[in-house]
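Notes follow once the structure below has been shown.
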Amino acid sequence: MRAVRTVLGDLAPDRLGVCDAHDHLFLRIPALAGQELDDPGAAEGELAAFGALGGAAVAQWTPFGIGRRAADLPALSRATGVRLVAATGLHQAAHYPPELLERLHKDGLADFFVAELTRGMLDGDDPDGPRGTARAGMIKVAGMFHGLDGHALRVLAAAAEAHHATGAPIGVHHEMGTAAVDVLGVLHGEWGVPADSILLGHLNRFPDPGVHRELAASGAFLAFDGPSRAHHATDWRTVECLVALAAAGHTGQLLLGGDTTTAGARASTGGGPGMPYLLRTLRPRLERELGAEAAEAVFVTNPARALSARWRDAS
Ligand SMILES: [Zn+2]
């Protein structure tokens, strides 16, 4: 039996509904100082605005240690009725104190991910802090700009091991959309993670149609995300990328997300496009370009497949 692992429990995939497949309610990284997403009230407003347009689920791709606020997620889901999938995993090394990474590697990174997927996530960013009962439903990893450093390779290996132990899907941050072929080669080629358990993110930031077709040929999911100021240079090519991939027979592998990474990108409190943009602007656009059936695939049936797993609850 496949299930989507939400912060309120496991869910039959066909009950997931309209899904923002890559977004953030909380995020705190030094590179975005002053624009942190760390206000539960603002997160609730944004989720409610998404829900009011028919949004039913959001996958938060914020991994451990960068202000994920796992302890706040169940209450937010209950308050808004929007289902939330949370992530374990790690971002690039630059986002963490070196001693924290050393500690996690020493204790066993794959075991750390497995515990968050099967027992419950740590409430905060302290590895010695309290652990809640809400479980992560995916593993987030990150590549580097046009390559993979030692940290990225170690995290990919641990994510693959945690996938084999649990079945969890793996979502990938690609720096400016690059190095996706390398990541796929490691996760799928080297470590044997099935391609349909891999969600390749930020591909709209590197809109090379040949690369997109090569990635799609593997069977992996291709996640397009935005809009925000950070992605604006390539956001306008998202729809043409989706149209080209659909024409090549890959409609069933396409995902869309808002990837709200800054307070100013929020619709409810920041005056930005935020999560509502997906349903207010992008969905009608996709319906016009690709038809209602393809839009339904991108917003409902594809995320239900991409975010669900045959969970093996390693004890
Ligand atoms: Zn993201």
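Coordinate-derived values only; no laboratory data. This one's a predicted model, so the numbers in the text were calculated from it and none came from an experiment. Quick reminder, even Gly has a Cβ in these numbers, built from the backbone with ideal geometry, and neighbours come from all protein chains shown.
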Span per principal axis, largest first, for the Cα atoms of the chain (Å): 51, 42, 40
Residues meeting the amide H criterion for A142 (H placed from the backbone, H to H distance under 5 Å, 5 or more places apart or on another chain) are H173
Cα-centre dipole for the chain with unit charges at Cβ (Lys and Arg positive, Asp and Glu negative), debye to 20: 580
Quote the relative contact order of the chain in percent (integer), defining contacts as alpha-carbon pairs under 8 Å separated by 6+ residues. 22
For the range 127-282, what number results from the quotient of the Cα radius of gyration and 2.2 N^0.38 Å? 1.07
Please report the antiparallel percentage of the DSSP beta bridges confined to the chain, to the nearest 5. 25
Along the three principal axes, how long is the range 1-115 when you take its alpha carbons, biggest first, rounded to the nearest angstrom? 43, 41, 20
Say the dipole of the range 87-145 comes from +1 at the beta carbon of Lys and Arg and -1 at that of Asp and Glu; which of H91, V114, G129 then lies farthest toward its positive end? V114
Relative contact order (%) - the range 180-253, alpha-carbon pairs under 8 angstrom, separation at least six: 32
Given the range 175-257, report the % of alpha carbon pairs whose separation exceeds 21 Å. 22
Explain nothing, just the number: relative contact order of the range 1-123, from Cα pairs under 8 Å at least 6 residues apart, as a whole percent. 26
Assigned charges on the beta-carbon of Lys, Arg, Asp, Glu; the range 13-84 dipole about Cα centre (debye): 220
With a cap of 13 neighbouring Cβ atoms within 10 Å, and only residues DSSP puts in a loop, list the chymotrypsin sites (Phe, Trp or Tyr not before Pro) found in the range 217-300. W236
When the charge dipole of the chain is computed with +1 at the Cβ of Lys and Arg and -1 at the Cβ of Asp and Glu, the Cα pointing farthest to the positive end, of P30, T260, V300, is that of V300
